[in-house]
Amino acid sequence: MRLVFSDEFKHQNSELILNKFKSISRRKFVRYGGLILLAPVIYAWNELVGGEAIKTKPKAIQIPEGAIPQGFSFHDQVIIFREDDELKIFLSKCTHLGCKINREIEGKLVCACHGSSFDKNGSPLNGPAVKALKKLSFRMDRSKDLVIVNL
Ligand code: FES
């Protein structure tokens, strides 16, 4: 069976469909347009309030002093060089492209990514890195036998 529609029927229905599409489209526009207009405001608010709060929040890690041997030792995000009771603490992020440094070869810190090496002061010995490792501040909590490192 084949349905045959008159031109008038087709015209009425096409107008109906077009009007329905326009109203849906308008609603969608208002709904999603509002979100699009709010996005920069939300972003700016986050940068001013939320983002700043996160950025300024101090971070620190605690390492038991007894877990720090003489020479280099690796503790998650930090590298510690201990010489007697003197500690030097560095961020383990290579200053070339940011790989994590987690090995020592013949008294030098060596980055596995491109081979940069650093001495016990964090200074570069061989490139491609040219900047020293980031030195981190820390304090000793003698009552708990902890080294508290500020990241
Ligand atoms: S990231 Fe360390 S040498 Fe390139």
Open item on the list: Looking for something modelled with pLDDT under 90 and of a type in the set (Asp, Glu) - is there at least one such residue anywhere in the range 120-141?
Closed with: yes
Open item on the list: Cβ-Cβ under 6 Å, sequence separation 6+ or interchain: first residue in the range 92-112 and part of a loop (DSSP other than H, G, I, E, B), partner charged (D, E, K, R) and within 10 Å of the ligand (Cβ to nearest atom). Which pairs?
Closed with: 92/100
Open item on the list: Can you go through 88, 131 and tell me which one is in a strand (DSSP E or B), more than 10 Å from the ligand (Cβ to nearest atom) and either touching a residue at least 24 places away in the same chain (Cβ under 8 Å) or in contact with a Gly (Cβ under 8 Å, 6 or more places away or on another chain) (or both)?
Closed with: 88
- [ ] Identify, by number, the condition in (1) over 16 Å from residue 135 (Cα atoms); (2) at pLDDT below 90 that residue 60 doesn't meet.
- [x] (1)
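The values are calculated or read from the model by the stated rules, or taken from the named source; none is laboratory data. Quick caveat, the model's predicted, so the values are computed rather than measured. Cβ: placed from backbone, ideal geometry, glycine included. Neighbour counts: every protein chain shown.
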